[in-house]
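Here the structure comes first, spelled out in structure tokens, and everything after it is commentary.
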Amino acid sequence: MPTYDYECDACGHKFELFQSMKDEPERKCPECKKLKLRRLFGTGAALMFKGSGFYTTDYRSDSYKKDAAADKSSSKSTESSSKSDTSCSGDKSSCNKCSD
């Protein structure tokens with residue numbers, strides 16, 4: 001349930017109200033009791049799901065991220081070395097592709 005900001009146009013009273021999204025906006029000011037209350041547009045807040053039952057990759061530990069980065073860099077170095085082995089220099093005696 002979100003928290004909404006309200007302001008009374010009659011007395012200037014500002015407050016926050018924790019209410020369901022389905023609830024109708026409040027109209028009566030709790031201070032002056034006039035029907036001049038309006039809900040303000042807020043900046044909003046990010047919605048974060050934490051805990052079991054959500055994607056495990058969303059909130060990984062620092063050690064996991066460090067190990068994943070190490071794996072990624074080692075796979076890149078292996079990939080680049082294998083690419084250099086398959087490149088063709090045009091020399092038929094040293095190139096596996098050209099000798100066939």
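Values in this text are rule-based calculations from the coordinates and carry no lab data. The model shown is predicted, which means the values in this text are computed figures rather than measured ones. With ideal geometry, Cβ positions are generated from the backbone for all residues, glycine too; neighbour counts draw on all protein chains shown.
Taken along the Cα-to-beta-carbon direction at a fixed 7 Å, the label points for residue 68 and residue 21 span 2.7 nm.
Taking other residues whose beta carbon is less than 13 angstrom from the beta carbon of residue 41, and scoring Lys, Arg as +1 and Asp, Glu as -1, yields 0.
Work through the residues other than residue 26 whose Cβ is under 15 Å from its Cβ and net out their charges, Lys, Arg +1 and Asp, Glu -1.
Details: positive: 14, 22, 27, 28, 33, 34, 36, 38, 39; negative: 5, 7, 9, 16, 23, 24, 31.
With Lys, Arg at +1 and Asp, Glu at -1, the neighbours total +2.
The residues packed around residue 10, meaning those with a beta-carbon under 13 Å from its beta-carbon, carry a net charge of +4 if Lys and Arg are +1 and Asp and Glu are -1.
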